[in-house]
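The structure appears below as structure tokens.
The values are calculated or read from the model by the stated rules, or taken from the named source; none is laboratory data. Since we're looking at a predicted model, the values are computed, not measured. When we count neighbours, we look across all protein chains shown, and the Cβ atoms used for this are built from the backbone with ideal geometry, even at glycine.
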Amino acid sequence: MQYYHGYGIIYDSTYRPLSYGTSLVGGCCGTNYNYTYFYANDTSIYLNYLTQDELYYMRCIGNTINTNAIVLGGCGPYHFQWSPSIGLSSDTAKEPEIYLTDTITYFITVTDSLGHTSSTSFLLLHPSLHQ
């Protein structure tokens, strides 16, 4: 069997790593891993939420799930705003419980104490549409 292993690193202008990717291919199978690095600063905010797949949730109608936010940078405290507020335990919590009833996309905005903002979305798939 033949095997191949490769990797690549991308740096910014100050030689900080921005991303790292590696792959291992052997026989009939292969595995790829990609990592992205983020750096905090006080003039901008990075906001992201892990997907359902990344959280390894079993999703059933009528269950609640929790989210997992990643927030870097800015100057706290932070204010979160979720829209729409359908099925949320709170529309201003960083990581609200979400009552699963249907497929929905939430839009989230975070604002720090200096007025910097960042937005992202969180897609929640109905279990019958996601396997």
Counted residues in segment 99-131 being modelled with pLDDT under 85 and in contact with a strand residue (DSSP E or B) (Cβ under 7 Å, 6 or more places away or on another chain) come to 2
Please go through segment 53-70 and pick out each residue that is closer than 18 Å to residue 120 by Cα and either at pLDDT below 65 or assigned to a loop (DSSP other than H, G, I, E, B) (or both). 53, 54, 55, 67, 68
Within segment 17-36, is even one residue modelled with pLDDT under 85 and under 21 Å from residue 121 (Cα atoms)? yes
What number of residues within segment 94-131 are out of contact with any Cys (no Cβ under 9 Å at 6 or more places or on another chain), loosely packed, with under 14 Cβ neighbours inside 10 Å, free of Cβ contacts under 8 Å to residues at least 40 places away in the same chain and under 24 Å from residue 42 (Cβ atoms)? 2
